[in-house]
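Everything on this sheet refers to the single structure shown next.
The values are calculated or read from the model by the stated rules, or taken from the named source; none is laboratory data. It should be emphasised that the depicted structure is a prediction, and the values quoted were computed from it without experimental measurement. Every residue, glycine among them, receives a Cβ derived from its backbone with ideal geometry; neighbour counts consider all protein chains shown.
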Amino acid sequence: MKGVVLAGGLGTRLYPLTRVTNKHLLPIYDKPMIYYPIETLVRAGIEQILIVTGGNNAGEFLRLLGNGRQFGLRHINYTYQEGEGGIADALKLAEYFADQDKIVVILGDNILEKDITDDVKSFAAQREGAKILLREVSDPGRFGVAEVQGDKVVNIVEKPLVPKTNLAVVGVYMYDHKVFD
């Protein structure tokens, strides 16, 4: 299984800070924000990671993360996302990296309280399909909210005015190779 960290976007809600650096490189407590999702993947046993980035400061990721040795990795892969195509566009850029393997996609600005190791193992054992991590929250209107039927996510609405559920999308997605079909 391989990991993909989505760290594109302009971070316009954080202007003026993001005029000089990518939001994923801003410090959160004692380390840059991008370290958190990388460490989440590494803790889950994922050793091959692709960083999808874009914007004027994309080179700063390479300068900061280098080959990934500080995370116990042999190397980190990088790709550049032109413009603001969003998650689907960024995911297309990961197809060559995935190379028919299952992937765990994590948003680069997410700091998770929960370890995802068991979720990754469960998905590895799953024959095919996808998995989206969800969490019950008291204020779902602030998040992407999943609508479910049984154990299937049938729709995701970003920051709904009237949420149909309290199941927030955590920002961790797991896919088999068919996601690229």
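Points worth noting:
- For VAL145, the criteria (1) farther than 25 Å from THR12 by Cα; (2) of a type outside the set (Gly, Ala, Ser); (3) over 16 Å from the mean Cα position of the chain (by Cα); (4) at pLDDT 95 or above hold in every case but one, which is (1).
- Residues (within 29 Å of LEU25 (Cα to Cα) and part of a loop (DSSP other than H, G, I, E, B)) located in segment 111-137: ILE111, LEU112, GLU113, LYS114, ASP115, ILE116, VAL137
- Test: PRO140 is free of Cβ contacts under 8 Å to residues at least 24 places away in the same chain and surrounded by 15 or more Cβ atoms within 10 Å (Cβ to Cβ): no
- Any hit, segment 125-134, residues being touching a Ser or Thr at 6+ places or on another chain (Cβ under 8 Å) and farther than 18 Å from LEU6 by Cβ: no
- Residue list for segment 1-37, filter: basic (Lys, Arg) and in contact (Cβ under 8 Å) with a residue 12 or more places away in the chain: LYS2, LYS23
- Qualifying position, being touching a residue at least 60 places away in the same chain (Cβ under 8 Å), under 20 Å from ALA88 (Cβ atoms) and hydrophobic (A, V, I, L, M, F, W, C), among VAL172, VAL145, VAL157, VAL153: VAL172
- When segment 147-181 is limited to residues that are part of a loop (DSSP other than H, G, I, E, B) and at positive phi, the one that is surrounded by the most Cβ atoms within 10 Å (Cβ to Cβ) turns out to be LYS159.
- Considering the conditions (1) more than 20 Å from ARG43 (Cβ to Cβ); (2) surrounded by fewer than 20 Cβ atoms within 10 Å (Cβ to Cβ), ASP119 is excluded by exactly one of them, (1).
- Looking across segment 157-172, the residues that are among the β-branched types (Val, Ile, Thr) and over 16 Å from the mean Cα position of the chain (by Cα) come down to VAL157, VAL162, THR165.
- Residues of segment 1-33 that are in contact with a His (Cβ under 7 Å, 6 or more places away or on another chain) and either basic (Lys, Arg) or surrounded by 24 or more Cβ atoms within 10 Å (Cβ to Cβ) (or both): ALA7 alone.
- Selection of segment 15-44 for residues being over 25 Å from LYS114 (Cβ atoms) and over 18 Å from the mean Cα position of the chain (by Cα) yields TYR15, PRO16, LEU17, THR18, ARG19, VAL20, THR21.
- The set of residues in segment 1-29 being in a loop (DSSP other than H, G, I, E, B) and either among the aromatic types (Phe, Trp, Tyr) or modelled with pLDDT of 95 or more (or both) consists of MET1, TYR15, TYR29.
- Test result for GLN81, among the polar types (S, T, N, Q) and in contact (Cβ under 8 Å) with a residue 40 or more places away in the chain: yes
- The strands (runs of 3 or more DSSP E) found entirely in segment 34-110 that carry 1 or more residues being aromatic (Phe, Trp, Tyr) and either at pLDDT 95 or above or surrounded by 15 or more Cβ atoms within 10 Å (Cβ to Cβ) (or both) are 76-81.
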